[in-house]
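Heads up: the structure comes next, in structure tokens.
The values are calculated or read from the model by the stated rules, or taken from the named source; none is laboratory data. Bear in mind that the values here come from a model prediction, so they are computed numbers and not experimental data. Counting neighbours? That spans all protein chains shown, and the Cβs are built from the backbone with ideal geometry, glycine included. Protein only, heavy atoms only, side chains kept; ligands, DNA and RNA dropped before computing areas. Shrake-Rupley method; radii C 1.70, N 1.55, O 1.52, S 1.80 Å.
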Amino acid sequence: QPEQIKAAGLDGALVYVSELRPGATFDFKPVTRDYADRLRAAGLQVVSCYQFGKPGWPTPSDFTRGYDGGVSDAQTAVRLHTAAGGPESAPIFFSVDEDIDATTWKTLGAAWFRGINSVLGVGRTGIYGGRRQVGWAMAEGVVGSSTTPGYRWAWQTKAWSQGQRESAAVLFQREVVTASDPGLVIDGVSVDVNDVLATDFGQWDLAR
């Protein structure tokens, strides 16, 4: 509940603007207008992210679907983001949820992001990934810039980053829930924890 998130000392939540994978049981995907409204009413910041597929599930990682998959995924993301009350000015972070190499990025990842760009525009496109993946996206020019000078729509996870930090990232995922690490538990639910690194980190309630 929003009140419990606030009581835990957190300032907001990243919400999913993607459909639920077949066989998955994730209560908060996709985000509803009611839940987003309650987060905002509690004074919490809201940021949109997209992830449908996942390695090891019957559905492969989203980036493997290339340009046309990027178009389709961005259309879904915009629809769900808008339905939940997300503004046209806010970015959406798209997940590269595995440690892909440079060749895979060039052959699949970059094309997927260009498909996303064709729907959202580069200015509203963000990436979630490890240090190398967010770096490639920035170098490729497929993610936009925060209104905070020097920052890009990059949400870096500590996973696969080998302790390296991307100085242009607006968010850093420092606590990742795994089978051996339950992370922060709120009302019986394990949650990842992210650090905000820029004034404009993609939150809905910021005039841009």
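Around the amide H of Phe52, modelled in the peptide plane, lie the amide H atoms of Asp62, all under 5 Å away and 5 or more residues distant in sequence or on another chain.
Each Cα pair under 8 Å and six or more residues apart adds its separation to the average, and for the stretch 1-41 the resulting relative contact order is 36 percent.
Listed values for the stretch 16-24 are Karplus-derived 3J(HN,Hα) couplings in whole Hz (6.51 cos²θ - 1.76 cosθ + 1.60, θ = phi - 60°), namely 8, 10, 9, 6, 7, 4, x, x, 8, and x replaces Gly and Pro.
Could you compute the net charge surrounding Val47? Neighbours are other residues with a C-beta less than 11 Å from the C-beta of Val47; K and R count +1, D and E count -1. Taking every other residue near Val47 into account, the sum is -3.
For the chain, what is the Kirkwood hydrodynamic radius in Å, using each pair of distinct C-alpha atoms? Mind dumping the intermediate values first?
Numbers: mean 1/r = 0.0588 Å⁻¹.
The answer is 17.0 Å.
Taking label positions 7 Å along the Cα-Cβ direction at both Lys6 and Arg33, the computed distance is 2.3 nm, reported to one decimal. Using Cβ point charges alone (K and R +1, D and E -1), the dipole size of the chain about the Cα centre works out to roughly 380 debye. Residues within the reach of a label modelled at Thr147 (point 7 angstrom out along Cα to beta-carbon, backbone nitrogen below 20 Å), restricted to the stretch 188-208, are 196-208. Tell me, what is the FRET efficiency for Lys54 and Ile186 to the nearest 0.05, using R0 = 22 angstrom and their Cβ-Cβ distance as r? With a Förster radius of 22 Å, E is 0.50.
Phi angles across the stretch 93-102 convert, under the Karplus curve 6.51 cos²θ - 1.76 cosθ + 1.60 with θ = phi - 60°, into 3J(HN,Hα) values of 8, 9, 8, 10, 9, 7, 8, 6, 8, 4 Hz, Gly and Pro given as x. With a 1.4 Å probe rolled over the protein heavy atoms of all chains, the accessible area of Ser89, Ser167, Ser95, Ser118 falls in the order Ser167, Ser118, Ser89, Ser95, largest first. Residues whose amide H lies under 5 Å from that of Ser146, counting only those 5 or more places away or on a different chain, are Tyr151, Arg152, Trp153; hydrogens are built 1.01 Å from N in the peptide plane. Farthest toward the positive end of the dipole of the chain, out of Thr125, Trp204, Tyr35, is the Cα of Thr125, where the dipole comes from beta carbon charges about the Cα centre. Subtracting the Cα-Cα distance of Ala83 and Leu206 from their residue separation scaled by 0.36 nm leaves 42.5 nm.
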